[in-house]
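Q: A single structure is presented below for examination.
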Amino acid sequence: MTDVALTQSSAQTPTAYERHAPDPRLVRQTLEPSEHAVFWLHDAPGARYPALTASTAADLAVVGGGYLGLWTAVLAKRRAPGTRVVLLEAETIGWAASGRNGGFCEASITHGEENGRSRWPGEYAALERLGRANLDEFGRDVAELGLDCQWERTGTLSVAVEEHQTGWLGDARMDAGAVREQIDSPLFLAGAWNRDDTALVHPARLAHELARVAGELGVEIHEHSPVLGLDGGRAGGPVSLRTPRATVRAQRVALASNVFPSLLRRTRLMTVPVYDYVLMTEPLTAGQKSAIGWENRQGLADLANQFHYSRLTADNRILYGGYDAVYHRGGRLDAGYEDRPATFERLTSHLLATFPQLEGVRISHRWAGAIDTCTRFAPFYGLARGGRVAYSAGFTGLGVGATRFAAQVLLDRLEGADTERTRLGMVRRQPVPFPPEPLAGIGIDLTRWSLDRADHQAGRRNLFLRALDAAGLGFDS
């Protein structure tokens, strides 16, 4: 096999999406008009910035023009306006995960309560408080900086679509009738609406607005300027960042390249790229919108291991993604992996199973992106080159909000500051690296197969998943 995706075993109980699957001809008709393109980037293409063509010096060099790099640059200038900051992006601002995600900006910096409590039980209360404060500060930044990113703090409705999932909702559980008053789907058996811990944004607009603000603050942004290597820094001198046509000599460096191969050898086994797939419908008609409700515009997610996430856009399209998470052996990144017909057909089938009243809607865009996954499913942090280089990665699909917190951590550490953030065990300790291939691929194959099996067996985790849980390597999304 060249990649890993999950399919139902005929010996297993079908999921709700499979039991209510529409006619395959309807699936094909719904998907056929779609364009293989990222809706967000088409909708908000953004400004362009020149490549670096002349060598220069900087107090701080930032590698990566996604959310982490942009927040690091903006916050560095807000802390010390006289700091000379140069940001280097290999392609264009926000073209990778930051322009392709679902736009769920969550308070959690630990990838959910269960993951946070199991890994950092002694400091989870502080992590939860810091995450909520980060989201509040994010919202204030949107207002104060004038970030035109379609910010909506509407929360997330988590829904059970199988009987065994209803018990996972806790005391805040809403029954099927109450859930369907919010968003009407025959699959929804129960739910819980966390009203304050998620905001929705337009991902590409957020990236481009952060770049605009960075430029206004004096950050020098260069696109099409990949960093080929780092030199120096170990003996206390500046770090040189080599690009194809010029070099930046920087006193401090923040690495924000996330899913892409690290410039530091020590962290190259810390993450693997996992491809996530997304659909966008055409704008709903008034009748279609009335048929499903969704008046409160919450984010929507189900409780399966292979979960789906969904939301409305400003013009009332439905974004629908998740389920398949595809790893390619060797951890390769390739644009060719992004158009996967079987996955897009499966997602379309699940969308129509969720909302059968939308028969006749059409998919306008389909796309994919690579997620930087680490073994603790939440970001890690580190220093290199005598403290002159700081890095963070491993956001595992929950980086829209967490990258702002991570940027503060990077700046604290580069300054040598003793803060509540830098004292966290989550910040001081790193995750277990992935093993080299072929072991990494075998382990990921087995994990994904096991999670699929659990979804088809009333949530029961097999011996392999229980062993991962015991070793602190498991995750129940």
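The values are calculated or read from the model by the stated rules, or taken from the named source; none is laboratory data. Every value quoted in this text rests on a predicted model; they were computed, and no experiment measured them. Here the Cβ positions follow ideal geometry from the backbone for every residue, glycine too, while neighbour counts run over all protein chains shown. Remember, those area values only see protein heavy atoms, side chains included, never the ligands or the DNA or RNA. Shrake-Rupley method; radii C 1.70, N 1.55, O 1.52, S 1.80 Å.
Q: Check off (1) closer than 23 Å to residue 322 by Cβ; (2) not in a strand (DSSP E or B) for residue 278 and give me the number that stays unchecked.
A: All conditions pass for residue 278, except number (2).
Q: So which residues in the stretch 305-323 are among the small types (Gly, Ala, Ser) and in a loop (DSSP other than H, G, I, E, B)?
A: Listed by number, the list holds a single entry, 314.
Q: Give 151, 193 a once-over and let me know the one that is open to solvent by 40 Å² or more (accessible area, probe 1.4 Å), closer than 22 Å to residue 320 by Cβ and touching a Ser or Thr at 6+ places or on another chain (Cβ under 8 Å).
A: Result of the check over 151, 193: 193.
Q: Next question. In this structure, is residue 261 open to solvent by 30 Å² or more (accessible area, probe 1.4 Å) and modelled with pLDDT under 95?
A: yes
Q: Do we have residue 54 as closer than 30 Å to residue 240 by Cα, touching a residue at least 60 places away in the same chain (Cβ under 8 Å), over 19 Å from the mean Cα position of the chain (by Cα) and crowded, with 24+ Cβ neighbours inside 10 Å here? Working first, answer last.
A: Details: closer than 30 Å to residue 240 by Cα: yes; touching a residue at least 60 places away in the same chain (Cβ under 8 Å): yes; over 19 Å from the mean Cα position of the chain (by Cα): yes; crowded, with 24+ Cβ neighbours inside 10 Å: no.
No: the conditions fail for residue 54.
Q: Additional query: So which of 130, 157 ends up being more than 22 Å from residue 356 (Cα to Cα), at pLDDT 95 or above and open to solvent by less than 40 Å² (accessible area, probe 1.4 Å)?
A: Numbers: 157 fails: more than 22 Å from residue 356 (Cα to Cα).
Step by step, each of 130, 157 is checked, and only 130 is more than 22 Å from residue 356 (Cα to Cα), at pLDDT 95 or above and open to solvent by less than 40 Å² (accessible area, probe 1.4 Å).
Q: In the stretch 75-96, what residues are of a type in the set (A, V, I, L, M) and either crowded, with 24+ Cβ neighbours inside 10 Å or out of contact with any helix residue (DSSP H, G or I) (no Cβ under 7 Å at 6 or more places or on another chain) (or both)?
A: The first filter runs over the stretch 75-96 and keeps only residues of a type in the set (A, V, I, L, M), leaving 75-76, 80, 85-88, 90, 93, 96.
Residues satisfying the conditions are 76, 80, 85, 86, 87, 88, 90, 93, 96.
Q: Looking at (1) part of a helix (DSSP H, G or I); (2) farther than 17 Å from residue 284 by Cβ; (3) of a type outside the set (A, V, I, L, M); (4) touching a residue at least 24 places away in the same chain (Cβ under 8 Å), find the lone condition where residue 336 falls short.
A: So the condition that residue 336 fails would be (4).
Q: Here's a follow-up. How many residues are open to solvent by 40 Å² or more (accessible area, probe 1.4 Å) and either over 19 Å from residue 380 (Cβ atoms) or not β-branched (Val, Ile, Thr) (or both) when one looks only at the stretch 427-455?
A: Summing the residues that are open to solvent by 40 Å² or more (accessible area, probe 1.4 Å) and either over 19 Å from residue 380 (Cβ atoms) or not β-branched (Val, Ile, Thr) (or both) in the stretch 427-455 gives 14.
Q: Taking only the stretch 236-256 into account, find how many residues are surrounded by fewer than 24 Cβ atoms within 10 Å (Cβ to Cβ) and over 11 Å from residue 58 (Cα atoms).
A: Summing the residues that are surrounded by fewer than 24 Cβ atoms within 10 Å (Cβ to Cβ) and over 11 Å from residue 58 (Cα atoms) in the stretch 236-256 gives 7.
Q: Kindly indicate the residue of the stretch 320-342 that is over 26 Å from residue 455 (Cα atoms) and not basic (Lys, Arg) and also surrounded by the most Cβ atoms within 10 Å (Cβ to Cβ) among those meeting that condition.
A: Step by step, filter the stretch 320-342, then rank; the result is 333.
Q: How many residues does the stretch 170-217 hold that are within 29 Å of residue 87 (Cα to Cα) and part of a helix (DSSP H, G or I)?
A: So the answer is 15.
Q: Scan the stretch 298-310 and give yes if some residue there is surrounded by fewer than 22 Cβ atoms within 10 Å (Cβ to Cβ), of a type in the set (Ser, Thr, Tyr) and over 30 Å from residue 470 (Cβ atoms), otherwise no.
A: No, that holds for no residue.
Q: I'd like the residue in the stretch 339-383 that is in a loop (DSSP other than H, G, I, E, B) and of a type in the set (A, V, I, L, M) and, out of all such residues, is farthest from residue 405 (Cα to Cα).
A: 361
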